[in-house]
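In what follows, a single structure is set out as structure tokens and then discussed.
The values are calculated or read from the model by the stated rules, or taken from the named source; none is laboratory data. In this text the structure is predicted, and so the values were computed from the model without any measurement. Cβ placement follows ideal geometry from the backbone for every residue including glycine, while neighbour counts extend to all protein chains displayed. The accessibility values were calculated without ligands, DNA or RNA, using every heavy atom of the protein model including side chains. Shrake-Rupley method; radii C 1.70, N 1.55, O 1.52, S 1.80 Å.
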Amino acid sequence: MKIISLVARLALLLPAFSVVADNPDTRALYQTQCAACHGEARQGGIGPALLPGNLSRLRPEAAAGVIRDGRLVSQMPGFGEMLASDEITSLVEWIYRPPETQPRWQEEDILASQVVLFPDGSLPDEPLFDADPLNLFIVVETGDHHASLLDGDSFERIHRFETRYALHGGPKYTPDGRYVFFGSRDGWITKYDLYNLEVVAEVRAGINMRNIAVSADGRYVMAANYLPHNLVLFDAHELDLMHVYPVVDEAGNSSRVSAVYAAPPRGSFIAALKDIEEVWEIPWPLPNEPVVSTGHMSTPLAATRSYDMPNFRIRRIAVPDYLDDFFFDLDYRHVIGASRGGQGGMVIDLDSGEKVADLPLAGMPHLGSGITWEYEGRRVMAIPHLSKAEVSIIDMQDWSVIKTLETDGPGFFMRSHAESPYAWVDVFFGPHHDRVHVIDKASLEIVETLTPEPGKTAAHVEFDRYGKKLLLSLWEVDGAVIVYDGDTLEELQRIPMSKPSGKYNVWNKTHYEEGTSH
């Protein structure tokens, strides 16, 4: 009924749609201009699915604006100079119409998609290389859909391998760093053995997936989907399906999942919901035996696809607004959330389920890129903003904003390390996207602005496990990863890469280092 009412409202708002959209050229226009990113059947690719169920929070006139002007927080370009207004109108009507065949991806589809190339335990337990397994970097290269494995001491490239199309949400490691899990925008989860440099298993969790999370003991993988509206739980050994959670509230309203995260101190997954004012917590069972070298149980779980499982039950936490973006304090007691359409954030106590503070932050704070450090005896968090040229620094005791730093443009990523005196933030959006700021964590001041390559986007820092060296991306198809000395800020080395979008250090990710995203 929601879809029907939306289309009816659309006809009233934009009456020309019914005429323009019946033109057979509209389908061809979509295939020419939109399908490469959003899929031929509108089910998503690099960009999200464009179907009525995925557009419930975007008004048609706003959708027309996105097509015309682009979208700052994504890779969506503006088509205003390429398309006439009636063509934009026809495309908007097209994406709000229900598809001729409703997309479906059910349990039997997930089961049929699973491929196990190397059964768990069948490959050698020793790495094929001499590098420190805990100081490796995975670099995701979106320019040609590959990933590179770097030695974090020498920065030599150990291996480069092909990945699924449009990886999204960042790779996740098992606790020992042996296995890494990739999630793609079109729903594929890939388990890769870093010791043996082999894909060992794959499964498709959905049609349009946001991200994945791996439990702190490495036993379980949870996928968050835009399409279908669900969460999907897997045994991490061979990506065996364990359970599908339809994401609906008690009134039956369904929702996309903004993201899912592992909360190690709580032993649970935390999911943000895009269309329902709830946060979900789903606990995983604590192991009955010590975690062994692979980070897995000695034997896989048996059949556990029941809602009555003693673990993996949904705990619903009501929140005052939709949450698109998340940040956690170090003990995962509090979740700091924000809605993309809101003008700030909120702090939720996960133990009590109550909101304990509002964060008056305009400019679309990018909480998923937040970091923390100790400042004058108290812990602070710092976050860039996606539509405002500033970094906000917040006291995590009373949740007050203690400092606002003006930057050369809105930023996307912020990174540091417990052993580094500096925090780095890019200015990804706007004319100065080739710059990156270095902030002194003791003075809370910008002490250096670097321009690694004039005209080329500089973004996404990641430190090595010791906090002494770091990698910065030249975010271009003919780009590179630049190695810097973390203390002197001196450039040490450049490694050619094809649009290196993110770097992920095994130690930092598995030890939940305070200066990196989780």
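Here are some notes:
- Residues in the range 173-187 that are over 22 Å from Ser122 (Cβ atoms) and either in a strand (DSSP E or B) or open to solvent by less than 10 Å² (accessible area, probe 1.4 Å) (or both): Gly183, Ser184, Gly187.
- The single condition from (1) open to solvent by 60 Å² or more (accessible area, probe 1.4 Å); (2) part of a strand (DSSP E or B); (3) within 23 Å of Phe328 (Cβ to Cβ) that Asp398 fails is (2).
- If the condition is being in contact with a Leu (Cβ under 8 Å, 6 or more places away or on another chain) and open to solvent by 30 Å² or more (accessible area, probe 1.4 Å), then the range 146-163 contributes Glu156, Arg157, Ile158, His159, Arg160.
- In the range 359-395, residue most open to solvent (accessible area, probe 1.4 Å) [restricted to those that are closer than 20 Å to Arg333 by Cβ, of a type outside the set (Val, Ile, Thr) and without any contact (Cβ under 8 Å) to a residue 40 or more places away in the chain]: Glu374
- Of Tyr226, Tyr192, Tyr245, all but one fail to be more than 20 Å from Lys503 (Cα to Cα), among the aromatic types (Phe, Trp, Tyr) and open to solvent by less than 10 Å² (accessible area, probe 1.4 Å); the exception is Tyr245.
- A single member of Phe129, Phe118, Phe79 is in contact with a helix residue (DSSP H, G or I) (Cβ under 6 Å, 6 or more places away or on another chain), open to solvent by 20 Å² or more (accessible area, probe 1.4 Å) and either at negative phi or among the β-branched types (Val, Ile, Thr) (or both), and it is Phe79.
- The range 468-503 - residue that is part of a loop (DSSP other than H, G, I, E, B) and of a type in the set (Gly, Ala, Ser) and, of those, surrounded by the fewest Cβ atoms within 10 Å (Cβ to Cβ): Ser498
- Just so you know, in the range 132-142 the residues that are in a helix (DSSP H, G or I) and open to solvent by 10 Å² or more (accessible area, probe 1.4 Å) include one that is nearest to Phe161 (Cα to Cα), and it is Pro133.
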